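Below: one structure, written as structure tokens.
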Amino acid sequence: MWTNSRIKYIFGLLLLAGLIGAGTWVMFDHGIIIPNTPNFNEFPVRGVDVSSYQGEIDWEVLAGNDIDFAFIKATEGSSFVDPYFAQNWDRSGKTKLKIGAYHFLSFDSPGKSQAENFIRNVPKLEGAFPPAIDVEFYGDKAANKPSREAVQTILNDFIAITEAHYGQKPIIYTVYETYDLYIRNDYIEYPLWIRDVIWKPSFANTPWTFWQYSAKGKMPGYVGEEYFIDLNVFKGTPEEFAEMF
């Protein structure tokens, strides 16, 4: 029989669990805790990716945050250029960081014109990463998914042109849904950069090279409308990192 004291006890436990859950979520949402932070011994090579959302960046300060590399947003679609890209590219190139530029792929314009936009704005820089291509949904695309054939036509043209221009195989950044729809079983010769802010990436037969493990990082060195910065690791040792790039 359920007594009043038993009911109060169970209610108290449920309330406590709810408060703990809510508190944990608040700490996660504010970047106080990052539950899947990779073990430094396993992933010693670390970095960030930035865009205009981080605003003005003091690259000397940012580079002093025990990071090794940075990906910088350059372009999007056939005409958009990140307003901070030129400044970020110039200033980051004067630090110890390994740097690279990334392009946000549009599903609404040809791969050729998007590649031309990227090439116009990203100078060749000895020692830089290959171009990185961000393949993920935007706007209403998650609800109105383009076909695999349509996306791969755009992506293939972008890859072919930028690979020929920069002489390096581009890196493909993706999230699980777009990976499954557009990348899986193809592009195996291209370095994969995967986003997973909950778990360590796990693929049965597909190796990955970079892992974006959090969008809730906080570091000194930038002042923009975005309070957080994306955190990444390289899968390998510093020696493997130097050899691969």
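We did not get these values from a lab; they are worked out from the coordinates using the rules stated. All values reported here derive from a predicted model rather than from experimental measurement. Cβ sites come from the backbone with ideal geometry, for glycine too, and all protein chains shown count toward neighbours.
Shape verdict for the stretch 43-244, please, from the Cα gyration tensor: rounded (a/c under 1.5), prolate (a/b greater than b/c) or oblate. Display every interim value, and only then the final one.
Details: a/c = 1.42, a/b = 1.25, b/c = 1.14.
Rounded, because the longest to shortest axis ratio a/c is under 1.5.
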Exercise. Which net charge results for the neighbourhood of S52, defined as the other residues with beta-carbon distances under 12 angstrom from its beta-carbon, given Lys and Arg at +1 and Asp and Glu at -1?
Worked result: -4
Problem set entry | Charge tally in the Cβ shell below 12 Å around N88, where Lys, Arg are +1 and Asp, Glu are -1, N88 excluded | -2
For this session: Please give the net charge around Y190, taking every other residue with its beta carbon less than 14 angstrom from that of Y190, where Lys and Arg add +1 and Asp and Glu add -1.
Result: -2
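Would you calculate, for the chain, the mean residue ellipticity at 222 nm contributed by helices, counting each DSSP H stretch of 4 or more residues as -39,500 (n - 2.57) and dividing by all residues, to the nearest 500? Don't skip to the end; give the middle numbers.
Working: 6 runs with 76 residues, N = 245.
The helix-only estimate for the chain comes to -10000 deg cm²/dmol at 222 nm.
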Problem set entry | Under the Karplus curve 6.51 cos²θ - 1.76 cosθ + 1.60, θ = phi - 60°, whole-Hz ³J(HN,Hα) for the stretch 93-107, x wherever Gly or Pro sits | x, 9, 9, 7, 6, 7, 10, x, 10, 10, 10, 8, 6, 8, 8
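Sorted by mean Cβ packing within 10 Å, highest first, what order do the peptides 192-200, 155-163, 217-225 take?
Ranking the peptides 192-200, 155-163, 217-225 by packing returns 155-163, 192-200, 217-225.
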Seminar exercise, completed: For the stretch 43-244, the charge dipole (Cβ of Lys, Arg +1; Cβ of Asp, Glu -1; about the Cα centre) points to a positive end, and the Cα of A150, F104, N185 closest to that extreme belongs to N185
Exercise. Once amide H atoms are placed 1.01 Å from N in the peptide plane, what residues at a sequence separation of 5 or more from G217, or on another chain, have their amide H within under 5 Å of its amide H?
Worked result: I229, L231
For this session: Pairs to check: K94/K141; K141/K218; K141/K235; K98/K145; K112/K216; K98/K169. Give those whose C-alpha atoms are more than 28 Å from each other in this structure.
Result: K94/K141; K141/K218; K141/K235; K98/K145; K112/K216
For this session: Mind telling me which of Q54, Q87, Q114 comes out most flexible in a GNM of the chain, alpha-carbon contacts under 10 Å?
Result: Q87
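Express the relative contact order of the stretch 43-244 as a whole percentage, based on alpha carbon pairs under 8 Å and six or more residues apart in sequence.
Normalised by residue count, the contact order of the stretch 43-244 is 26 percent.
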For this session: Place +1 on the Cβ of every Lys and Arg and -1 on the Cβ of every Asp and Glu in the stretch 194-245, take the dipole about the Cα centre, and give the residue among P238, G221, F203 whose Cα lies farthest towards its positive end.
Result: F203
Exercise. Using the Karplus equation 6.51 cos²θ - 1.76 cosθ + 1.60 (θ = phi - 60°), what ³J(HN,Hα) coupling, rounded to whole Hz, does each residue of the stretch 49-60 give in order, writing x for Gly and Pro?
Worked result: 10, 9, 8, 4, 4, 7, x, 6, 10, 8, 5, 5
Seminar exercise, completed: Relative to the chain, whose Cα atoms define the longest principal axis, helix 4-29 and its Cα axis are tilted in degrees, nearest 10, by 20
For this session: State the antiparallel share, in %, of DSSP beta bridges confined to the stretch 43-244, rounding to the nearest 5.
Result: 35
